[in-house]
Every structure is written in structure tokens, then in C-alpha cells.
Amino acid sequence: MKSKIWAVMVITITATAIALAQSPAPRDDGYISTYRPLPSGGGSDVRTRDDSRGRVEAMREQMGGDLTPEFMQSLMSAADAQRAQYGPDGRGAVKSVSGGVWTNIGPDRSNWLQNGVRVNESDTGRVRTFLVNPANDDVVYILTSGGGLWKTTNFSAPSPAWRAVTDGILSTSGGGAALGKNPETIYLGTGDPFDRGVGGFAYTSTDGGNTWSSGVKLGPSTVVTDVKIDTTGASDVALIATNGGLFRSTNGGGTYAGVLNGLIWSLQRSSAGWLAVRTLNGVDDAIVVSTNQGATWAPIPNSGNVFSSVGRTTLAVGRPGDNVVYAFAATRGDAAQKDLYRSTDGGLSWVALGLPAKKPVNPNDDQPDMDIMAGQAFYNQMVLVDPNDPSRNTVFIGGQLSAAKSTDGGATWRIITNWLEQFRLPYVHADFHAAAFGTLKGAPALLFGTDGGLFVSTDGGATFSSEKNDGISSYLIYALASNPKHADDVLIGLQDDGTRLRIGSSGTYNQVFGGDGFGVGWSQAEDNVTLASYVFSFIIRNPRNPPSVEGKWQVGWIGIDEFFNPNLSYFVTALATPNASVDPAGLTFFHRTRFKLYRTTNGAVSWQSVFETPTVPAPKPTDPPVHTVALRAGSHPMGISPVDLDHFGVLGNAGNLWFTTDGGATFINRVLTSLVPAWPGFNASLAYGSNTSMYVGNEAPIGTAIRVIKSTDGGNTWTNASTGLPPVPIAKLLVSPRDPGIIYAGTWIGVYETTNGGATWHLFGSGMPIVAVSDLYMPPDASFLRVSTYGRGVWETRF
């Protein structure tokens, strides 16, 4: 079962969601997370655990802290400049002067998922919200975390035809969305509160998502948490909740004005007016009310101070304007679930429903009590009131592993879903974020949105279907690898959707291992070994390809002393695979922990440490030595020469690079921040063109123009090689196996190419939306380029 052992960390979601103050350029060694989950032994029980807090903290450590409004503005400006330079294609995506057309190859469905048990279901990426057209039940929108807004006009079909409608704007990071009085009008805010992406901007469409306005910056915000529209007047009043306050528009989204400061988590309109949940200065969340369409706000009376000492809270009503309101709340600091509250006067006063003391009528091992949020109260909160119940006593809540239903106003509860279809309960993926009511063929339909997509019930939650996920390519992908012998086979690691495998040319990718999936590897000379991973150096190996059955995977971490030790290993488990030209046996791979570089030469049967960062004696003689610098926390800090296995290297914090020319017997250190003026550190990716030509890209969360540097003398001297690159982070560099002068850069806004060894760069390929590229793959014959994205699936172009 999924472990519930979590470190208690009193940290406000304001800090987690992203700081707002003007700040100097961050340092890549300036933020070291104190969050340390308890690993519960490191055996097979941990492979299914999703650690959303660890994921957020890992990103902060990688980025040197919280992403700033200035950085978001620089990303937006860079994407806008890219479009202005290259022009939009017919779909609104950016076209290029070089390269062919990008084709999305999924994932857009699954046949089955394996996570200790096998579940014959489909899924997709994380859902932020649902929009149901009140004038046409078949028109439904789903806003996804990293894949933008998707639309169907035949929702009643078993597998609706979905279309991404925000590929043409400058961000696919979903924050919130709502329909206007005219359901063809959509108000959209970008910036998922829990992940990377261009956020803190508002867009408007007046034609059902076909075209969009330019982005409007929402003050100092970097994420959007909720969007609601007041349709009670002659024209729409748009309210957008962010981590930089509440913003209001009375002119159709043309301009916005800040009307409430603080972090605003949730908005609802009740009989008392508009309600908002606000956090100020990282202290308790409180509810404020507006009686003039959000123009001004005041604290609720809160008789008896019942609603107090709470953290993040989600509000729900059956229909806008209701007397009955529910509030699902975390404890102060969001460390745990606190309670569900009910109001009968529009949210002015509250009654606690006592969830901590309740048990469901059908408890199970995963959900023995009503602690639905479990250890992820800051992350997964869902509450929905049935508008078809006149008493508003039918209410649904969801959190980590389960959803529950009450038909008596919260007095008693029944568990209605399980994350692995156990205990005779229907399958709904873990981690609940959104819910809505729609209509299917005239009957009420219940829609739940989770880390695994969309789940629909037409019988009040007795059963659920996942088939309407088919066609939505919105998975959040960290890394990919492919089969050198069967080019269509793809292996990817995803956020909370495990490790996925495609065999053949379809868009179906089945989950072959559960939990978060990070680094993956595939022997490139021969189809010998595949590697997959989970967090903190949890590596598994499969010597019997294809890796299509969970039972094929074997332990692959033997020899890694830091295995599942968060103090010494990273949340993001990075893997590097040599080119086919230097590893004909297909048994060599590389992995890094916080302070060590590891190599295996037997397909991960065992690993050996080949490098450790420098240490100094500890203050106490009895303590172990203290490392003076850490290796980089990202996904691609290792590089290997295409000429031989004697030349490889690894990137460190504070601009450090270590590399060897003798197979690891000795290592040379270069501090790139000292060798190249204006190099910001944040070394992200190392790529070799030969034994003497090397490239390093950075992912600095600032708008610096210097993004790639190059050495032509084996790493002794370095020069800027960024001409033509946008001033945005680079996740991965890849040198073409066909020509060492051709290099590709996967950036936060697309793929760039140089054909002259880094002298100049240009956008590569047409038709891909502006999305963060997380990995690049090219086969030994260089016949195609395949890339993974963080939210819009896998894309490829053939040569």
C-alpha cells in the first residue's frame, strides 16, 4: 500500500507556491531544502509513494529558491519575441525557418497501469479545473497543469474528440479558468501553483477558445489558483486569485486591478456575496467577503471564531448564490487535514463537521478514517456540493488516495474510490484537485480531476469511468529514452504517472512501474537493458526487454550507498546513457547523487562510485567530513564523450564542472563562473561533441542572455556560445550522432538548433506549442529527433 509516513513540515503555501518580493539573482547553492521525508525502509513499499511536497522542494532546490515575477516576465517576453521573430503557424504555434514539422506522438491514453496491482484504465496528466457549457452538455473544457486548456464538443461520446485550444498562447501552464455569461467567453489564468511554467498572466477568448487575447500581467503574481466570473450584472466581472493577490476586471479581461492582497486560494459566490480564502504574511488563512462584486472586501463575522487556525482551504457551493457553503481546510501551515466546515448563512459563520473524529461506514486499509488529505493537505484538496440535492446535504471530498461521499451534510461518510481499484471500489487516480457536475445524455454526471486526469460517474459515485481521458496529451514528463532496434518504442518517466512504455507507433503508453518516474535509460548499441527510476536513487533495471511487465523489473541500486537517503541523494534520480558508438555491450550507465558520481558497467547489476566532491573536516572529529559543494540537482547534469568512455563529466553547484580524461582515475575541476564572464552558474546539461569539444547549458531562473558555453580544448578554456538562443533556461543539450557541429537545446519555450558548433542558434521545427522541453533523444543513425515536454507529451520530427 501507499506509505503514509511523511515528515511534518510547517511551511506556508505562500513560500511553497513562489515568493513575490523583488529579489537579487539567486544562487544555485543558495537554497538547500530542509524537507526530509521518512523513507520507511526503502523497499518495495515505497515504489508507489507520491511525494508532492518533495517534488515542490526539489524544484526550489534546483532553481535556487522560488521563481520570481521578474523571471516570469522574462520568460513571457522571450516567448513573445520568439513568435515575433519566427511568426505563428496555421494553428497559432510558432513556426521555424529550420527543421520539419513536429508531430505529437502521445501519450494520449493507456490500456493498463501497473503499480503493485494491474488496473485496466486510461489516464492523462494533472487536472486543474473543469468548465461545462451550460447551454450545451457536449461542450466541456479541461484545464491541465502543464498542457493548457482542452476542449471537446462531443463529451457524451465514450471517447470524446479532444483539442488543445491554448497551444497558440505563450504558456501551457494551467492555473485557473472560468466561463463568462456568454459561454463562448473563457477567462484563463496561467501558472500552476505546484509546478514550473510561465504564470501570473490572464487571457480571454470570446469564441470558445479558437482565438485568445494577449496576456495581461497580474501584478507581482507568478501562479493562478482560481478564476471565477460574476455574471449577475449586465457584463462579466472577472476575479482571478493568485499568490500576489486578487485581481478584478470589469472590461472583459482587457485590464485587471488588484483589489485584495495576500495569497488567495479559493473563490465562491454565496448568498452573502463573494467569498475568498486569503493568507496574509504566512499566518492563518481567513475568509473575507465582498458584497459589491469583488470591488471591496471585509472579514466575515465568523461567529464563535469557529473557522480559525487553518491553512489552505477550498470553498464549494452547489450553485452560485447558495446559502449553504462548505470549506475543506488544512491545518495552519498546511501540514495536515484539519476539518470540513459547513455554513448555512452564505459563509458568514461556520460549523465544524468533526472529520478528525469520524470513520467512514466502509473503512479500508488505505482509508481507515476520514483523513482524506493525509500528508498532502497543501497539495490535494477537492470538495464538491451536489446542485441536484435541494438540501445541499450531498457533498463529495477528495484528497490523496480516496474520495468520500456524504448524503446527510457530513454526518456520515462512505469511501467511494480507491487509487488502485482495491476494496471493491472503483479506480480513480490519486491526488484530487478538481470536481464538477455535468450532464451525460440527460443524466447528472460527476467529474473528478486528479494527478491522473478525468474520471466520470453517472450514478452518483457508485462507479467511475476513465475512458474520456483518451486523446488528451497532457502528461508531465521528466525524461525519455528509446529502443535503438525498434525506433517506435519509447520509455518515459512522469510526474505521479509512473514509468510509461510505448511499443509500436500508437499513442498508447502503459504504466510499467508506479509512483513518480524520473530518469530512464535504454542500451543504445544493442537492445540489452532498460533502466527506470523513482526518487532518491531508487533505480530499477530490466535485462529482458521490452520492459512491458512490472514483474520484469529488478533491483538496480546495489552499490549506491546513498540509496533512499534524502540527506545524500536527490529527489530527482538522474540517469545518463552513453552513445552506441562507445558502448557496444550496452551495459554502461551513469548516475549522480548529491555528492557522488556513479557508473555501472554491467547494466546496473551493481554501481561503483567514480567521483566524490571535495570535503573538509567536520567541526567535531567524530563526525564525517563535510562536502564543500554539491552536484547539480536537475535531470541532465552528466555528459559522456561519443568517442570513448574515458571522457565523461558531471556538473556541480556554484558553476563547478568535474571531468575525466582517463576513465575516472583522475578528475579535473573547472569553475565556469570564474572562467566565463557573466556565467550565472545553474549548470544544467553537459554535452560532448568529441573528446575535446564540450558544451554546458544553464537553467538559471533569471533573464540572462548567456545560456550555453563551449570549450574546444578539452575543458581548459570556455567561451560564450549563445547567439540566437532565447534568454530562458535550458534543460538538455544533445549533440547529433551524425555531425558534432549540430547541437540541439531543449529550453523552457521550445527546441533550438545550431549547425555550426554553437556559433549561432535558431528555433528548430514547426508546430510545437511554447512549452518546457524536458529531454531530447536521437537514435544512433540520427534519423529523427524526439523530445519530451512537461505537459504536452512527446513530439518528434524525422530527417
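The values are calculated or read from the model by the stated rules, or taken from the named source; none is laboratory data. Quick caveat, the model's predicted, so the values are computed rather than measured. Cβ coordinates were reconstructed from backbone atoms using ideal geometry, including for glycine residues, and neighbour counts include every protein chain displayed. Calculation scope for accessible area: heavy atoms of the full protein, side chains included, ligands and nucleic acids excluded. Shrake-Rupley method; radii C 1.70, N 1.55, O 1.52, S 1.80 Å.
Quick look at the numbers
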| read-out | value |
| --- | --- |
| Residue in segment 776-793 that is in contact with a strand residue (DSSP E or B) (Cβ under 7 Å, 6 or more places away or on another chain), among the β-branched types (Val, Ile, Thr) and surrounded by fewer than 18 Cβ atoms within 10 Å (Cβ to Cβ) present | no |
| Near pairs, Cβ below 6 angstrom, 6+ apart or cross-chain, from segment 226-242 (touching a residue at least 12 places away in the same chain (Cβ under 8 Å) and farther than 20 Å from Gly174 by Cβ) to any residue that is among the charged types (D, E, K, R) and open to solvent by 20 Å² or more (accessible area, probe 1.4 Å) | Thr231/Lys181; Asp236/Lys181 |
| Criterion (modelled with pLDDT of 95 or more and open to solvent by less than 20 Å² (accessible area, probe 1.4 Å)) met by exactly one of Thr417, Thr412, Thr458, Thr407 | Thr417 |
| Filter result for Lys552 (charged (D, E, K, R) and touching an Asp or Glu at 6+ places or on another chain (Cβ under 7 Å)) | no |
| Residues of segment 56-91 satisfying the condition of being open to solvent by less than 20 Å² (accessible area, probe 1.4 Å) and in a loop (DSSP other than H, G, I, E, B) | Met63, Gly64, Gly65, Leu67, Gly87 |
| Residues of segment 259-300 that turn out to be open to solvent by 30 Å² or more (accessible area, probe 1.4 Å), more than 23 Å from Ile372 (Cα to Cα) and touching an Asp or Glu at 6+ places or on another chain (Cβ under 9 Å), as a count | 3 |
| Unmet requirement for Asn115, which otherwise passes all of (1) of a type outside the set (Asp, Glu); (2) without any contact (Cβ under 8 Å) to a residue 40 or more places away in the chain; (3) open to solvent by 10 Å² or more (accessible area, probe 1.4 Å) | (2) |
| Lone qualifier among Ser221, Ser213 - being of a type in the set (S, T, N, Q) and farther than 26 Å from Thr152 by Cα | Ser221 |
| Residue count, segment 592-612 (criterion: touching a residue at least 40 places away in the same chain (Cβ under 8 Å) and not in a strand (DSSP E or B)) | 6 |
| One residue from Ser290, Ser303, Ser270, Ser309 being of a type in the set (S, T, N, Q) and in contact (Cβ under 8 Å) with a residue 60 or more places away in the chain | Ser270 |
| Meets criteria (of a type in the set (A, V, I, L, M), assigned to a loop (DSSP other than H, G, I, E, B), open to solvent by less than 50 Å² (accessible area, probe 1.4 Å) and under 28 Å from Val132 (Cβ atoms)) for Leu384 | no |
| Complete set of residues in segment 204-243 that are farther than 19 Å from Gln293 by Cβ, within 21 Å of the chain's Cα centre (by Cα) and either modelled with pLDDT under 95 or not hydrophobic (A, V, I, L, M, F, W, C) (or both) | Ser221, Thr222, Thr225, Asn243 |
| Selection status of Leu420, touching a residue at least 60 places away in the same chain (Cβ under 8 Å) and more than 30 Å from Pro578 (Cα to Cα) | yes |
| Scan of segment 38-82 for residues that are farther than 24 Å from Val94 by Cβ, of a type in the set (A, V, I, L, M) and at pLDDT 85 or above, ordered by number | Val56, Ala58, Met59, Met63 |
| Enumeration of residues in segment 743-764 that are buried (at least 21 other Cβ atoms within 10 Å of the Cβ) and closer than 20 Å to Met76 by Cα | Ala745, Gly746, Thr747, Trp748, Ile749, Gly750, Val751, Tyr752, Trp761, Leu763, Phe764 |
| Those residues of segment 420-433 which are crowded, with 20+ Cβ neighbours inside 10 Å and among the hydrophobic types (A, V, I, L, M, F, W, C), in sequence order | Leu420, Leu425, Val428, Ala430, Phe432 |
| For Ile706: the one exception among (1) touching a Pro at 6+ places or on another chain (Cβ under 8 Å); (2) modelled with pLDDT under 95 | (2) |
| Meets criteria (open to solvent by less than 40 Å² (accessible area, probe 1.4 Å), touching a residue at least 24 places away in the same chain (Cβ under 8 Å), aromatic (Phe, Trp, Tyr) and farther than 21 Å from Val728 by Cα) for Trp212 | no |
| Single unsatisfied condition, Ala135 versus (1) under 18 Å from His429 (Cβ atoms); (2) among the hydrophobic types (A, V, I, L, M, F, W, C); (3) part of a loop (DSSP other than H, G, I, E, B) | (1) |
| Hits in segment 684-711 - residues which are more than 25 Å from Met76 (Cβ to Cβ), among the hydroxyl-bearing types (Ser, Thr, Tyr) and in contact with a Gly (Cβ under 8 Å, 6 or more places away or on another chain) | Tyr688, Thr692, Ser693, Tyr695 |
| Residue that is surrounded by the fewest Cβ atoms within 10 Å (Cβ to Cβ) [pool: residues in segment 655-677 that are out of contact with any strand residue (DSSP E or B) (no Cβ under 7 Å at 6 or more places or on another chain) and in contact (Cβ under 8 Å) with a residue 40 or more places away in the chain] | Leu675 |
| Matching residues, segment 232-255, being part of a loop (DSSP other than H, G, I, E, B), buried (at least 19 other Cβ atoms within 10 Å of the Cβ) and either among the hydroxyl-bearing types (Ser, Thr, Tyr) or out of contact with any helix residue (DSSP H, G or I) (no Cβ under 9 Å at 6 or more places or on another chain) (or both) | Asp236, Gly253 |
| Residue in segment 188-203 that is surrounded by fewer than 21 Cβ atoms within 10 Å (Cβ to Cβ) and either under 30 Å from Arg278 (Cβ atoms) or within 26 Å of the chain's Cα centre (by Cα) (or both) present | no |
| Selection within segment 387-416 - of a type in the set (S, T, N, Q) and within 27 Å of Pro134 (Cα to Cα) | Asn388, Ser391, Asn393, Thr394, Ser406, Thr407 |
